[in-house]
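S.K.: There's a structure below that I have some questions on.
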């Protein structure tokens, strides 16, 4: 069978959606008829999505945070984790934290992180990241 012909036909019949939607029986669906409620994602699909998202974060960091490379590995992980979680526009709102990181005041940066609404929303993750920021 011609797989490409089948894929083309499925695109026509199922439609192509880049965002989740509810199908005709109420199942959360995405892409070309992928029923997320019943089928979900395979491990390799999850890894594919994560790789794409990490690539995007690192590309944004390269453009917006030229000082990033001068940080220790642990502090790079903190910043990248925050950008992943918040998105770059919201991360850039952490002006005092960013100022402290850039000037090497990592304890102050950690305190600024913990005093944010973000920290109250994500709890332990913020405490872990603040600890990594302090310890380097």
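S.K.: Remind me, relative contact order of the chain in percent, using alpha carbon pairs under 8 angstrom and six or more residues apart?
M.R.: Working: 107 pairs, mean separation 19.3, N = 136.
Relative contact order, the chain: 14 percent.
S.K.: Angle between the Cα long axis of helix 3-14 and the longest principal axis of the chain, 0 to 90 degrees, nearest 10?
M.R.: 80
S.K.: Right, something else. Fully extended, how many nm does the chain gain between residue 51 and residue 107 (0.36 nm per residue separation, minus their Cα-Cα distance)? The partial results should precede the final answer.
M.R.: Values: separation 56, 0.36 × 56 = 20.16 nm, distance 3.08 nm.
So the chain would gain 17.1 nm between residue 51 and residue 107.
S.K.: Here is a further query. For the pair residue 38/residue 92, report the inter-label distance in nm, with labels modelled 7 Å from Cα in the Cβ direction.
M.R.: Taking the two extended label points, one gets 4.4 nm.
S.K.: Work out how much length residue 125 to residue 59 would gain on full extension: take 0.36 nm times their residue separation and subtract the Cα-Cα distance, in nm to one decimal.
M.R.: Numbers: separation 66, 0.36 × 66 = 23.76 nm, distance 2.33 nm.
Full extension of this stretch gives 21.4 nm more.
S.K.: In degrees from 0 to 90, rounded to the nearest 10, what is the angle of the helix 73-86 Cα long axis to the longest principal axis of the chain?
M.R.: Around 50 degrees separate the two axes.
S.K.: For the chain, find the longest principal axis of its Cα atoms and tell me its angle to the long axis of helix 43-64, 0 to 90°, nearest 10.
M.R.: With both axes taken from Cα atoms, the answer is about 40 degrees.
S.K.: Give me the compactness ratio for region 59-136, meaning the Cα radius of gyration over 2.2 N^0.38 Å.
M.R.: On the way: Rg = 11.1 Å, N = 78, 2.2 N^0.38 = 11.5 Å.
Rg over 2.2 N^0.38 Å, computed on Cα atoms: 0.96.
S.K.: In the set [x] 17.3, 64; [y] 20.2, 63; [z] 18.3, 62, which value of Rg and Dmax of the Cα atoms in Å was calculated from the structure you see?
M.R.: So the structure-derived entry is [y].
S.K.: Can you compute the helix-only [θ] at 222 nm over the chain? Use -39500 (n - 2.57) per DSSP H run of at least 4 residues, normalise by all residues, nearest 500 deg cm²/dmol.
M.R.: Numbers: 8 runs with 87 residues, N = 136.
Only helices count here, giving -19500 deg cm²/dmol.
Each reported figure results from applying straightforward, stated rules to the coordinates on display, with no laboratory input. Small disclaimer: the values here were computed from a predicted structure and weren't measured. All Cβ positions, even for glycine, are placed from backbone atoms using ideal geometry, and neighbour counts span all protein chains on display.
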